[in-house]
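Inspection log for the structure reproduced underneath, given as structure tokens.
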Amino acid sequence: MYSTFHGLEIGKRAILSQQTGLSVTGHNIANANTKGYTRQEAVLQAGHPLASPNPNNGTIPMQMGTGVEVSEFRRIRESYLDRQFQNEQKEAGYWEAKASALSNIENVFNELGDSGLTSSLNRFWQGLQELSKQPENLSARVVVVANGKELAGQLNEIYTGIEQNQTFLADQLTGKTNEINTIANEVAGLNLKIAQNIGSGNQPNDLMDRRDVLLDQLSKLVDIQVTPAQNGRVDVSIGGEKLVEGNNANTFTLDLETGGANIAGKVITIAGGEIKGLLETHGYTVNGTSFGTIPDLRVKIDLLAKTIADSINAIHAGDEARNLDDIQARSTDPNAPLEKLLFFVDKDDPTQPPKNAGSMMINPLLVEFPSKVAAASSDTIGDGSNAKAMSNALFQKMNIGGTEATIGDFYKGIIGQLGTDVQTAQQSAENANDMVQQVENRRQSVSGVSIDEELTNMVRYQQAYNAAARYVSAVNDLLNTLINGMK
């Protein structure tokens with residue numbers, strides 16, 4: 001037999017349950033714009049019934065309902081969409097990092113205006129052409145020296161800019177590595193708190209939301225695999241090795257020289273994310289062989305600088321090359337020795353040709369004495385054939401690193417390839433972000449807060465609350481009649 005006050009208990013449970021549902025709805029509305037928040041639902045279920053023997057059904061006991069209760073606060077979340085989002089984030093992170101890094105490198109070449117290397121090459125060529133027509137003109141020689149100095153300076157700036165970009169990328173990679181370890185430690189800490197809450201019979205939904213936000217951030221940095229573990233924990237792996245295992249986080253390290261990544265000393269392969277995009281641009285060396293955008297560019301720019309220097313030096317310091325001082329000396333002594341000065345030299349050793357684009361400079365003697373520019377190939381005053389030969393060398397095909405091309409065409413090939421790589425990376429980043437947004441829209445349709453839906457729920461809970469309150473009032477009136485009627 002159930003209690004006389006059973007009706008009040010049913011009413012009380014109804015009021016408390018609808019009030020709880022209303023509180024959860026309020027929590028959803030309050031976090032409608034909170035990043036990473038997952039919509040929650042108060043799941044209502046009928047209470048455990050009471051057995052009540054009744055003379056009308058013989059000895060078979062009947063069951064009397066006990067009202068309603070909140071069984072759980074359910075997170076409306078789809079793990080499949082989370083995995084898909086993280087996979088798309090990996091691709092977006094990779095292409096965004098690559099597009100940004102390549103765009104910065106492209107800016108180093110500055111070919112949009114008149115201050116790029118192509119313009120400097122053209123001015124140097126024009127100066128040599130003018131000198132070939134007026135070899136005795138000192139001002140024409142000054143122009144050639146100035147243009148040669150500008151050309152070497154442009155190659156120096158490109159070399160330095162590439163080096164600075166590599167240093168910047170190294171700093172970024174170090175920062176991203178630290179970020180991965182910071183996130184891993186926080187996820188491990190949240191795993192512990194979540195497990196403790198679940199073990200105590202609580203539902204740590206908001207802690208799980210925070211953990212999911214961190215996992216989304218981590219998936220953009222590097223490719224991850226997330227697997228459920230006991231008591232609400234998750235394990236996070238990279239390349240098959242566990243970065244987070246339960247309550248413990250292992251250390252992720254990255255060797256910028258070799259490009260090798262490790263977790264707790266175990267070698268792993270990075271398959272995507274910002275780390276891979278930055279590393280491929282920064283470059284690395286394996287068994288003496290360099291890989292990556294910057295090492296490849298450095299080789300090509302050094303080859304270009306060496307080709308320019310060697311081509312001009314071979315003519316300027318050739319057996320037939322003569323400057324004004326040589327011609328003057330041979331006017332009195334036909335056997336006077338020729339100076340045979342290098343036009344482009346190394347900054348560290350001006351007696352030697354440049355080692356690379358960064359060390360290339362014009363011979364200081366030519367800057368101080370423009371008369372020493374070897375414009376002639378004979379002892380005749382007014383001979384500019386050597387200057388003509390140097391200008392022709394700039395635009396004649398030759399073997400440059402196994403490619404038959406002019407110096408200008410070889411450089412255009414470098415710029416063209418870099419521009420294509422930038423365009424490809426930017427387009428791929430745009431496509432990847434579109435995919436991320438599509439998956440996020442689908443995820444939000446499941447997990448996100450809909451204000452209209454929550455307002456509907458609010459009205460529903462409010463009406464149920466009011467009905468439960470009126471039910472309690474009705475039961476109270478019945479009990480009042482029963483109790484007061486016995487006086």
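The values are calculated or read from the model by the stated rules, or taken from the named source; none is laboratory data. Since the model is a prediction, treat every value here as computed from it, not as a measurement. Positions of Cβ are backbone-derived with ideal geometry, glycine not excepted, and every protein chain shown enters the neighbour counts. Calculation scope for accessible area: heavy atoms of the full protein, side chains included, ligands and nucleic acids excluded. Shrake-Rupley method; radii C 1.70, N 1.55, O 1.52, S 1.80 Å.
In this label model, Q63 and T251 are separated by 5.9 nm, measuring between points 7 Å along each Cα→Cβ vector.
Computed on segment 177-231, the Cα convex hull volume stands at 65 Å³ per residue. On the principal axes of its alpha-carbon atoms, segment 412-468 has extents of 80, 12, 8 Å, going from largest to smallest.
Within segment 359-450, the ratio Rg/Rh, alpha carbon atoms throughout and Rh by Kirkwood, equals 1.45.
Pair-distance distribution P(r) for segment 94-194, from all Cα-Cα distances in 10 Å bins starting at 0: 14, 26, 20, 15, 11, 7, 4, 2, 1 percent. The lysine pair count for segment 135-275, using Cα distances under 21 Å and pairs eight or more places apart or on different chains, is 6. Computed extension gain for A314 through I381, at 0.36 nm per residue and net of the alpha carbon distance, reaches 21.9 nm.
Report note on the peptides 10-17, 427-434: ranked by the mean count of other C-beta atoms within 10 Å, highest first, their order is 10-17, 427-434. With angles folded into 0 to 90 degrees, how steeply does helix 407-447 sit against the dominant principal axis of the chain? Use alpha carbons for both and round to 10. The angle comes out near 0 degrees.
Each part gets one Cα centre, and for segment 175-194 versus segment 428-487 those centres are 35 Å apart.
Rg/Rh for segment 315-423 (Cα atoms only, Rh after Kirkwood) is 1.09. Would you mind telling me the share, in percent, of accessible area of the chain contributed by carbon and sulfur at probe 1.4 angstrom? Whole-percent figure for carbon plus sulfur exposure: 51.
Per-residue counts of other Cβ atoms within 10 Å, averaged by peptide: what ranking do you get for 359-369, 469-479, highest first?
Working: 359-369: 18.5, 469-479: 13.5.
My ranking of the peptides, most packed first, is 359-369, 469-479.
To the nearest ten degrees, helix 6-30 and the longest principal axis of the Cα atoms of the chain are 10 degrees apart. When the label point is put 7 Å from the Cα of K133 along its Cα-to-beta-carbon vector, which residues of segment 353-388 have a backbone N closer than 14 Å? Only 384, 388 pass the distance filter. Computed over the chain, relative contact order equals 22 percent, with contacts defined as Cα pairs under 8 Å that lie 6+ residues apart. Can you compute log10 of I(q)/I(0) for the chain with the Debye formula, treating each Cα as one identical point scatterer, at q = 0.05 Å⁻¹? With no solvent term, the Cα-only Debye profile gives -0.42.
Under the simplified labelling scheme, the I451-A30 pair shows an inter-label distance of 1.8 nm, with each label point 7 Å from Cα along Cα→Cβ.
At a 10 angstrom cut-off on C-beta neighbours, averaged per residue, how do the peptides 22-33, 145-156 rank from highest to lowest?
On the way: 22-33: 16.3, 145-156: 21.2.
Going by the mean number of other Cβ atoms within 10 Å, highest first, we get 145-156, 22-33.
Helix 293-316 and the long axis of the chain differ in direction by around 10°, with both axes built from C-alpha atoms.
Over every Cα atom in segment 290-362, the radius of gyration and the widest Cα-Cα span, Dmax, amount to 16.3, 58 Å. With contributions of -39500 (n - 2.57) from each DSSP H run of at least four residues, the per-residue ellipticity at 222 nm computed over the chain stands at -20500 deg cm²/dmol.
Label sites at A271 and K347, each approximated as a point 7 angstrom past Cα along Cα to Cβ, lie 4.5 nm apart.
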